[in-house]
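Inspection log for the structure reproduced underneath, given as structure tokens.
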Amino acid sequence: MDKRMGLAFLALLVTLILGTAGIMLTEHFSFAQAFYLTVQTITTVGYGDIEVHTEAGHTFLVFLMMGGVGVMLYFAGLMMAFLVEGQLAGVYGRRKMNKKIEQLKEHIIVCGAGRVGRQVLNRLRKEGATFVVIEQQEDLITELIEEGFLVIHSDATQDETLKKAGIDKAKGLITALPEDSLNVFVTLTAKGLNPGIQVVARMDKLESEKKLLRAGADKVISPAVLGGWRMAMSILKPISVEYLETVIHDHNIEMEMVELRVDDGSCLVGKTLSTSGIKQQTGAMILAILRNNQVISNPGAEEEIWQGDLLIVLGLREQLHRLEQVAANITKFSIADKTNSSGLKEEVLG
């Protein structure tokens, strides 16, 4: 609709210019008189206060009426549809939304809002993350805007689209397009524009995993594999699966799994899990330690904490807050929130 309005306005402008110039040449009227008569003609008002005296002028006005009236009616019809259908408000709303997108920093870009992408959007919203979605399908875009999402209507594989989404200021990108080839292309483009961005890519075919990793994806997720695993475990270990789902998804319990990065100068460096006071004083549980790309699962009480360790901690929000206080009582440190490529909350203890 916006494109048709632009073309109709351009046609009307050309008609006014040609009409004014033609009358000035044939009747030798001033610009004001010629423009006034042109507007009278194409709007079919015809006051009759200005008369045409030459045959050339009459002939020109005949053609102007035949072409100009049609252009004017088409433009007026589009204007009425534009106002009646509320598209004027829609344009204003999109401009306002575009300004919000331009102001985003440290956000997540989601490419695709299909079956998988929609679940990503819902989870990000529940977690309070800042994000923008890129989608091409008009019907999906309308739904997303009505639900209050920040949306860019464009092709996610294009450089300009990702730039519009703030790729240079974003901290993460999730590409959930329906075709593996498109996800590979988006990953390549994103890494080319921002080499430091964290990319999580969807894959449907197992053979696409290596291609996505070579393209620069930091994590490759297969909805089919995850769905199959969950279905199998729901049959084999229904109670365990139900407990995990409750812990992770039930916000009433306020249980959170977070990642704690042990920074330089942290009061935890050099201490074991038992002497750190994490379990004894807070109740939070250290599920695993990520150290030099190696995972130490279920670490023992005598496991020493190193600088640069990533601690996977499970606990109630109250317990995690208490963990911050315990660390603060031992030595001075600062906490800076950020989100890593897996989408989990990460806190830096320094």
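The values are calculated or read from the model by the stated rules, or taken from the named source; none is laboratory data. All values reported here derive from a predicted model rather than from experimental measurement. Positions of Cβ are backbone-derived with ideal geometry, glycine not excepted, and every protein chain shown enters the neighbour counts. SASA here: full protein model, heavy atoms, side chains in, ligands and nucleic acids out. Shrake-Rupley method; radii C 1.70, N 1.55, O 1.52, S 1.80 Å.
Odds and ends about this structure:
- Selection of segment 167-177 for residues being open to solvent by 20 Å² or more (accessible area, probe 1.4 Å) and within 18 Å of Lys100 (Cα to Cα) yields Asp168, Lys169, Lys171.
- With a requirement of 2 or more residues that are in contact with a Phe, Trp or Tyr (Cβ under 7 Å, 6 or more places away or on another chain) and without any contact (Cβ under 8 Å) to a residue 40 or more places away in the chain, none of the helices (runs of 4 or more DSSP H) lying completely within segment 111-204 satisfies it.
- Those residues of segment 101-142 which are more than 21 Å from Gly227 (Cβ to Cβ), at pLDDT 90 or above and either open to solvent by 60 Å² or more (accessible area, probe 1.4 Å) or acidic (Asp, Glu) (or both), in sequence order: Glu102, Gln103, Lys105, Glu106, Arg125, Thr130, Glu135, Gln136, Gln137
- Single residue of Leu150, Leu193, Leu206, Leu182 found to be hydrophobic (A, V, I, L, M, F, W, C) and over 30 Å from Asn293 (Cβ atoms): Leu150
- Asp180, sole failed condition from (1) under 17 Å from the mean Cα position of the chain (by Cα); (2) more than 15 Å from Val110 (Cβ to Cβ); (3) open to solvent by less than 80 Å² (accessible area, probe 1.4 Å): (1)
- Residue satisfying condition, being modelled with pLDDT under 85 and β-branched (Val, Ile, Thr), within set Thr282, Thr272: Thr282
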